[in-house]
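The structure appears below as structure tokens.
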Amino acid sequence: MRKHIVAGNWKMNNGLIQTKTLITELKQQKKTSDAEVMIAPAFTNLWPAFEETRQFPIEVVAQNMHFAEDGAYTGEISAGMLKSIGIQSVILGHSERRAYFNETDEALAKKINTALEHDMRVIFCFGEELSDRKSGHHESVVERQIKNALFHLEASAFKNIVLAYEPVWAIGTGETATPEQAQDMHAFIRKTLSDKYGSDTSNSVSILYGGSVKPNNAKEIFSKPDVDGGLIGGASLKASDFFAIVNAF
Ligand code: 13P
């Protein structure tokens with residue numbers, strides 16, 4: 001049985017006080033679903049968030065990291081640094097990183113290797129732009145992103161990989177993929193994995209959907225058989241909305 005996961009990507013939001021306040025509010029919410037819950041605060045708030053959620057079933061994860069072990073990379077954070085404060089998982093390949101910070105599939109493959117070498121879990125994001133979907137190339141774009149970043153790995157590596165399909169046109173726009181569009185793409189992603197690694201591997205990997213998931217549409221999206229959870233941006237910044245989504249499972 002695949003894990004259900006709902007992860008909140010806080011992006012570049014919340015200072016220290018807001019982080020602590022939001023976590024206090026998250027801890028007051030009632031969880032009625034079997035979904036694993038993750039939150040991804042900014043680097044400066046990872047440690048306080050980690051401390052505030054100790055003994056609580058909320059995993060604190062990073063939004064990014066560098067592929068090098070250490071060295072002259074001003075402004076960057078390594079896997080070892082994240083592990084040293086207890087962080088076990090990292091989001092890699094978010095479309096905002098790709099679009100604004102020129103992250104390529106090749107750089108992402110290196111980051112994934114480093115994270116896996118450190119025994120970290122990777123939440124790997126990918127998704128097509130609006131022009132790709134309009135021109136009917138959405139599947140080939142997603143297939144290329146997956147192949148370039150992941151297909152050098154052994155099947156056994158996928159126990160530490162979560163996939164997050166985030167169509168760029170649905171991120172922060174209020175425009176969600178329809179549940180059918182999400183299901184079709186998730187089934188395509190699973191088939192792409194199955195063709196390379198076999199069905200045991202492809203059926204074991206959780207595939208999250210991200211892009212304007214809100215309390216009022218989460219249930220329908222999560223009801224689809226190949227949608228195993230969500231990566232939530234805007235709605236993860238409000239505790240009651242985030243848990244309404246968590247509890248949509
Ligand atoms: P929104 O939920 O704000 O559309 O953001 C989605 C996202 O980018 C999560 O990583």
Study note, to complete from the structure: Applied in sequence order to region 158-171, the curve 6.51 cos²θ - 1.76 cosθ + 1.60 (Karplus, θ = phi - 60°) yields integer Hz couplings, x standing for Gly and Pro, of 6, 5, 10, 10, 10, 9, 10, 7, 10, x, 4, 5, 9, 7
Exercise for review: Would you be so kind as to identify which of Ser78, Leu16, Thr44 lies farthest towards the positive end of the dipole of the chain, taking Lys and Arg as +1 and Asp and Glu as -1 on Cβ and the Cα centre as origin?
Suggested key: Leu16
Point to revise | Distant-in-sequence amide H partners of Gly229 (H built 1.01 Å from N, under 5 Å) | key: Ile5, Tyr209
Practice item. Go through Val6, Cys125, Pro215 and say which Cα lies farthest out towards the positive end of the charge dipole of the chain; charges sit on Cβ, +1 for Lys and Arg, -1 for Asp and Glu. Key: Pro215
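How much area per residue is accessible in the chain when the probe is 1.4 Å and only protein heavy atoms are counted (Å²)? Could you put the intermediate results ahead of the total?
Numbers: 11200 Å² over 249 residues.
Per-residue value: 45 Å².
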Revision key, fill the gap. Taking alpha-carbon centroids only, region 179-215 lies from region 1-60 a number of Å equal to 24 Å
Practice item. Would you kindly derive the ³J(HN,Hα) couplings of region 47-52 from the backbone phi angles with the Karplus curve 6.51 cos²θ - 1.76 cosθ + 1.60 (θ = phi - 60°), listing them in order in whole Hz, with x for Gly and Pro? Key: 5, x, 5, 4, 5, 5
Exercise for review: Taking 7 Å along the Cα-to-C-beta vector as the label spot, tell me the Leu16-Asp195 distance in nanometres, rounded to one decimal.
Suggested key: 5.1 nm
Study note, to complete from the structure: Among chymotrypsin sites (Phe, Trp or Tyr not before Pro) in region 49-79, those in a DSSP loop whose Cβ has at most 15 other Cβ atoms within 10 Å are Tyr73
Exercise for review: Work out the length of the dipole vector of region 1-152 about its Cα centre, built from +1 on the beta-carbon of each Lys and Arg and -1 on the beta-carbon of each Asp and Glu, and round it to the nearest 20 debye.
Suggested key: 440 debye
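Relative to the compact globular guide of 2.2 N^0.38 Å, what is the alpha carbon radius of gyration of the chain, as a ratio?
Working: Rg = 16.9 Å, N = 249, 2.2 N^0.38 = 17.9 Å.
Relative to the 2.2 N^0.38 Å estimate, the chain comes out at 0.94.
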Review point. If contacts are Cα pairs under 8 angstrom and at least 6 residues apart, what is the relative contact order of the chain in percent?
Key: 23 percent
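Work out which trypsin sites (Lys or Arg not before Pro) in the chain are exposed loop sites (DSSP not H, G, I, E or B, at most 10 other Cβ within 10 Å) and give the longest gap free of them. Show your work: numbers first, answer last.
Numbers: sites that count: Lys30, Arg54.
By the stated rule (loop sites, at most 10 other Cβ atoms within 10 Å), 55-249.
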Practice item. Name the long-range amide H neighbours of Ala35: under 5 Å, sequence gap of 5 or more, or other chain; modelled H, no Pro or chain starts. Key: none
Revision key, fill the gap. Amide H contacts under 5 Å for Glu103, restricted to residues at least 5 apart in sequence or on another chain and with H modeled in the peptide plane, are Arg98
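Rounded to the nearest 5, what is the percent of antiparallel bridges among the DSSP beta bridges in the chain? Provide the component values of the computation, followed by the final result.
Values: 0 of 28 bridges.
The antiparallel fraction comes to roughly 0 percent.
To the nearest 0.05, how large is the calculated FRET efficiency for Asp105 and Glu51 if R₀ is 35 Å and r is the Cβ-Cβ distance?
Values: r = 35 Å, r/R0 = 1.01.
Working from the Cβ atoms, E equals 0.50.
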Exercise for review: Please calculate the 1.4 Å probe accessible area of Glu36, with all protein chains present, and give it to the nearest 10 Å².
Suggested key: 60 Å²
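Would you mind giving the three semi-axes, in whole Å and largest first, of the ellipsoid equivalent to region 52-161 according to its Cα gyration tensor? Each step should come with its number before you reach the end.
Working: eigenvalues 133, 50, 44 Å².
Here the semi-axes work out to 26, 16, 15 Å.
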**Study point:** Stokes-Einstein D in µm²/s, Kirkwood radius over Cα pairs - region 144-238 at 4 °C with 1.567 mPa s viscosity
**Key:** 94 µm²/s
Point to revise | Under Karplus coefficients 6.51, -1.76 and 1.60, residue-wise ³J(HN,Hα) of region 123-140 in Hz, glycine/proline x | key: 9, 8, 9, 6, x, 8, 7, 4, 5, 5, 5, 4, 8, x, 9, 4, 5, 5
Point to revise | Residues of type lysines that Lys238 reaches as a straight line, Cα spacing below 29 Å, ignoring anything fewer than 8 places off in the same chain | key: Lys3, Lys11, Lys20, Lys27, Lys30, Lys31, Lys83, Lys214, Lys219, Lys224
**Study point:** Structure-based [θ]222 nm, the chain - -39500 (n - 2.57) summed over DSSP H runs of at least 4, per residue, nearest 500
**Key:** -11500 deg cm²/dmol
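Under a Cβ-Cβ cut-off of 11 Å, what is the net charge of the residues other than Thr178 that fall near it, where Lys and Arg count +1 and Asp and Glu count -1? Let's see the in-between values first.
Details: positive: Lys224; negative: Glu175, Glu180, Asp184, Glu220.
Computed value for this residue: -3.
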**Study point:** Heavy atoms of Ser212 accessible to a 1.4 Å probe, total area in Å² rounded to 10
**Key:** 20 Å²
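The values are calculated or read from the model by the stated rules, or taken from the named source; none is laboratory data. Because the structure is a prediction, the values reported are computed rather than measured. Virtual Cβ from ideal backbone geometry, glycine too; neighbours counted across all protein chains shown. Note: areas computed on protein heavy atoms with side chains; ligands, DNA, RNA excluded. Shrake-Rupley method; radii C 1.70, N 1.55, O 1.52, S 1.80 Å.
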